[in-house]
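Colleague: Sending over a structure as structure tokens; questions will come in a sec.
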Amino acid sequence: MFPTLLIVDDEPGILQTLGGLLQDEGFDIRTAPNGFEALKSIEEDVPDLVLLDIWMPGMDGIDTLREILRMEPHLPVIMITGHGTIDTAVTATKSGAFDFIEKPLSIDKVLITIHNALNFRRLEEENRYLKKKNLDRHAITGNSKPVQQLRLQIFQAAPSHASVLILGENGTGKELVARSIHQLSERSEEALICINCAAFSPDRVETELFGQEKENADTPRYKGCVEMAHRGSLFLDQVADLPLAAQGHLLRFLEDGHFHRIGGSREIQVDVRIIAATNRDLQQEIRLGHFREDLYYRLAVLPIQVPPLRERTQDIPDLAALFLEEAAIRGKLSPKNLSPEALDWLIRHDWPGNVRELKNLMERLAISTDAPRITPAILKSQGFGLPVRPDPMAARDYKTALDLFSRMYVRKQLAIHDQDPEKAALACGLDLKTFSSLMEE
């Protein structure tokens, strides 16, 4: 199928000559003598591209361009301009025209510009398709009541420009919630910039957020995440780990949308939506003096609580099947499924590492197991057994109770932090040596 071009010009000679040449090049040509007829033609059948003259009686090219883009925002429009109207053509380009070409028309220049515009449109369509697929991939899986409520909160929050605070344990899918909010919002065509606030030292995190001016000729200017997220969204993961100085800087930015790079004095204004997330109790952090109360209220305009997996066990069969299938496709492995007895084991587990722990287990089973059906025996061979929940309160003496609690606590922290002792120790407020000794015990 040949691309359809609509040529809009009040000169019959241009319509006939240009239309004939482009038809010879394999395009399907439609013409319109003025802006009004062009809009009627687009309303009836949208072309692939419009060639639009700037100077026309009645509705001129600029007004016609604005109406076309209002009707079809993704339709590429190339402006045709005569000598002495370059300023007007530049204005048209700023108003959304793809490009402009000057009269007298060079067929080579016209063809190059048309092909560039059509290629650009194809790339835009591919990007929109990929973003839709990405949204489907990041959709919150499950039909339990907690997940249905979570989806409702996402749909309600997405159209707003207000800040969102996502709360939930590690591994529950807080980043997936943030991506879903961004992709369902009006900002989905722009970037979602993510930063882990715990990944940088206190003296570096402000630079990562707000950038840095040149210190000397050898030091380039550094653009921060806030600036890169202009017109899009900024996801602040583990926001409770922001040092107090950076919290103050972020609060000032949230108040008026202005900031300055580190080492600079020039005020920069950007339009950014903030989505923050944490697994910590921010009210407790406020009481301890670790988090600013005024910043909390700025971030928590729309709070969203992500439920832990133990509160949505109804979703475990669907999630486990999905993760097994994804792991098999990714690793080009034979498909596998879970026996009813194995599913019962999964449902009865308390999942301290939440969805992430389940995903990691399914990937391990997909890789390390040849059997097409996963049974409790296979789960047990991978170190996964029915949960044994000793009760410290039922211990015969204080030392036994303390040992039981310590064992349970260490195991849970390791599960939450992907079996990484260093991360678990940091989260517990212990040094690595002390935590390692608890592990050995």
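Colleague: With the contact rule set at Cα under 8 Å and sequence spacing of 6 or more, what percent relative contact order holds for region 212-282?
Modeller: 43 percent
Colleague: Multiplying the sequence separation of S436 and D45 by 0.36 nm and subtracting their Cα-Cα distance, what value in nm do you get?
Modeller: 133.8 nm
Colleague: Connecting C-alpha atoms closer than 10 Å in a GNM of the chain, tell me which of Q16, Q382, Q149 has the biggest fluctuation.
Modeller: Among Q16, Q382, Q149, the largest mean-square fluctuation in the Gaussian network model of the chain belongs to Q16.
Colleague: Could I ask something else about it? If contacts are Cα pairs under 8 angstrom and at least 6 residues apart, what is the relative contact order of the chain in percent?
Modeller: Rounded, it is 11 percent for the chain.
Colleague: Now a separate question. Determine the order of I347, I112 by accessible area, beginning with the largest, at a probe radius of 1.4 Å.
Modeller: I112, I347
Colleague: Just want the answer: with Cβ charges of +1 for Lys and Arg and -1 for Asp and Glu, which residue in T172, T207, Q183 is farthest toward the dipole's positive end in region 170-219?
Modeller: Towards the positive end, the residue furthest out is T172.
Colleague: Cut-off under 19 Å on the C-alpha distance; same-chain residues fewer than 8 positions from K332 excluded. Which lysines are left, in chain and number order?
Modeller: K359
Colleague: To continue, here is another question. Set Lys and Arg Cβ to +1 and Asp and Glu Cβ to -1, take the dipole of the chain about its Cα centre, and tell me which of A277, L404, P340 lies farthest positive.
Modeller: With unit charges placed on the Cβ atoms, the residue in question is L404.
Colleague: Could you give the size of the charge dipole of the chain about its Cα centre, using +1 on the Cβ of each K and R and -1 on the Cβ of each D and E, expressed in debye and rounded to the nearest 20?
Modeller: Roughly 2060 debye, rounded to the nearest 20.
Colleague: Have a look at the DSSP beta bridges in region 158-291 and tell me what percent are antiparallel, nearest 5.
Modeller: The antiparallel fraction comes to roughly 20 percent.
Colleague: Continuing with this model, one more query. Just the accessible area for D350, please: 1.4 Å probe, Å², rounded to the nearest 10?
Modeller: The value for D350 is about 60 Å².
Colleague: Name the most mobile residue of I378, I268, I29, meaning the one with the largest mean-square fluctuation, in a Gaussian network model of the chain with Cα contacts below 10 Å.
Modeller: Comparing I378, I268, I29 in a Gaussian network model of the chain, the most mobile one is I29.
Colleague: Give me the distance in nm between label points sitting 7 Å out from Cα along the Cα-to-Cβ direction at E189 and R396, one decimal.
Modeller: 7.3 nm
Colleague: I'd like to know which of G82, H260, V301 lies farthest towards the positive end of the charge dipole of the chain, counting +1 on Cβ of Lys and Arg and -1 on Cβ of Asp and Glu.
Modeller: The one lying farthest along the dipole's positive direction is V301.
Colleague: My understanding is that a pair violates if its Cα-Cα distance is over 31 Å; which of K174/K336; K399/K433; K336/K412; K40/K103; K109/K214; K145/K433 do that in this structure?
Modeller: K109/K214; K145/K433
Colleague: Pop a pseudo-label 7 angstrom from the Cα along the beta-carbon direction at both A198 and D350 and give the gap in nm to one decimal.
Modeller: 2.0 nm
Colleague: Could you grab the relative contact order for region 232-388? Cα pairs under 8 Å, six or more apart, rounded to a whole percent.
Modeller: 20 percent
Colleague: Mind listing the Cα extents of the chain along all three principal axes, in Å, largest one first?
Modeller: Each principal axis gives a Cα extent; for the chain these are 101, 59, 41 Å.
Colleague: Might you report the magnitude of the Cβ-based charge dipole of region 218-326 about its Cα centre, with Lys and Arg at +1 and Asp and Glu at -1, to the nearest 20 debye?
Modeller: 420 debye
Colleague: Comparing A377, A158, A191, which has the greatest mean-square fluctuation in the GNM of the chain with Cα pairs linked when under 10 Å apart?
Modeller: Judging by the Gaussian network model, the answer is A377.
Colleague: Using unit Cβ charges (K, R positive; D, E negative) and no other charged atoms, how large, in debye to the nearest 20, is the dipole of region 180-260 about its Cα centre?
Modeller: Using Cβ point charges on Lys, Arg, Asp and Glu, region 180-260 gives about 60 debye.
The values are calculated or read from the model by the stated rules, or taken from the named source; none is laboratory data. Note that the structure is a prediction, hence the values are computed from the model and not measured. Every residue, glycine among them, receives a Cβ derived from its backbone with ideal geometry; neighbour counts consider all protein chains shown. In case anyone asks, the SASA skips ligands and DNA or RNA and just uses the protein heavy atoms, side chains included. Shrake-Rupley method; radii C 1.70, N 1.55, O 1.52, S 1.80 Å.
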